[in-house]
There are 2 protein chains.
Amino acid sequence: ETTDKTTPQDMTCKEFIDLNPKAMTPVAFWVVNKDNVYQQGDYVDWNEVETIFVPQVIKACKQKPESKLEELKQWFNEVK
Amino acid sequence: ETTDKTTPQDMTCKEFIDLNPKAMTPVAFWVVNKDNVYQQGDYVDWNEVETIFVPQVIKACKQKPESKLEELKQWFNEVK
């Protein structure tokens, strides 16, 4: 069994860019929605994450590869 | 901008096992929930995906690395 963390709390931008692209939308969905989905509040749907957020995360991460995805989360909330 | 697919429709088990472990729960969440979250039906929450489904996916994928994650999805629905 894998004992390492299987959620991206401390994933860095560099790790995100190095991901298998097929995992990018699910990881971005986690970053944006992991707190919202519970309250059935204004969670961001898969399509919006795939088409809007993933390209933005890639662009932001290329500029600051050492930053943490979680830091981008505040930035997303302003954009949303 | 990445033009390759950023969602795991055709991700194979081998690709899942080779993922950065931090992406496993989000990818498993996508496999299990991508159709459910819309209908606010019985979607599986993050914690259940992380603690129950990810270990099962890893075990199943080690037995059948060439199978597609989507094929496992039917199997999950029976387990759920």
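Read the figures in this text as sums done on the coordinates, not as results from a lab. All values reported here derive from a predicted model rather than from experimental measurement. As a convention, Cβ positions derive from the backbone with ideal geometry for all residues, glycine included, and neighbour counts pool all protein chains shown.
Structure notes:
- Pair residue A:9, residue B:9: separation of 7 Å Cα→Cβ label points (nm): 3.4 nm
- Neighbour-count ranking [beta-carbon atoms within 10 angstrom, fewest first] of A:30, A:46, B:75: B:75, A:46, A:30
- Cα-Cα over 32 Å, subset of A:34/B:62; A:64/B:73; A:64/B:62; A:34/A:64: A:64/B:73; A:64/B:62
- When residue A:51 is represented by a point 7 angstrom out along its Cα-to-C-beta vector, the spacings to that point in the other copies are 3.7 nm, nearest first.
- Label 7 Å beyond Cα on the Cβ vector: residue A:73 copy-to-copy distances, nm: 2.6
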